[in-house]
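Since every read-out is calculated from the coordinates, none of them should be taken as a lab result. Everything numeric in this text was worked out from a predicted model, so none of it was measured. Cβ sites come from the backbone with ideal geometry, for glycine too, and all protein chains shown count toward neighbours.
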Amino acid sequence: MTSTPPPSPAPEALTPAACAQQLKALFPALFAGAVKPLKLRIQVDIQERAPGVFTKQVLSAFFRRHTGSTSYLMAVAKAPHRIDLDGQPAGEVSAEHRQIALDELARRRASVESRRELEEQQRRNRAGLLRDFQITTLTRANFCVLKGVADEELDGLLEIARGEAEERARQQPQPAFDHRGPRRPGPPGGSGQRPPRPR
């Protein structure tokens, strides 16, 4: 008795990830390997070459995700041509589309930098909170009022700060340990050997 392969999901049931796998299998010249700028109106070509495999809604959902990815924007910003289903050049990437991609990449970089700076500032604030809490003579309630921290949030912030301090300590290079102990200094400019005694 031969086993039959499981049926493919109905087109309307395809997720964007499953759609990507199907496209890669059907059109590897375009969808396998490095991300490439797509020929304009590529959806029409896909529907003609693979009728009934993808619904318009499934393809639209996939392409929204695909063309919005950072790797796709980088491809549009760098590549001279768009690519068709057979991996062949199919029109130049226009200066307008290239600029749109560059602007979006710059916006994302700025957003990442801004988020990184905010996270670093929050780490510094937690480290200061932990340092001050360890030396304060105030009551817990007064310390929270002084620092503008809710009492129920204090323990969580201190725990995070302790974990971050341990992580920083682990990342700092440790001084090399010489198991031979301290060495005797030799004569200036010498080899470190003691001169022979006169006979």
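Key figures for this structure:
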item: Amide H within-cut-off set for A90, under 5 Å, with H built and near neighbours excluded; result: R82, I83, D84
item: Reach of K78 by Cα under 27 Å, taken over lysines that are not fewer than 8 positions away in the same chain; result: K24, K36, K39
item: Spin-label model distance (nm) - Q122 vs S94, 7 Å beyond Cα toward Cβ; result: 4.1
item: ³J(HN,Hα) computed for each position of the range 126-141 - Karplus, 6.51 cos²θ - 1.76 cosθ + 1.60, integer Hz, glycine/proline x; result: 5, 4, x, 4, 5, 4, 5, 5, 6, 10, 5, 10, 6, 5, 4, 4
item: 37 °C / 0.692 mPa s Stokes-Einstein diffusion coefficient of the range 21-66, Kirkwood radius on C-alpha pairs, µm²/s; result: 298
item: Debye log10 I(q)/I(0) for the range 27-100, one point scatterer per Cα, at q = 0.20, 0.24 Å⁻¹; result: -0.88, -1.22
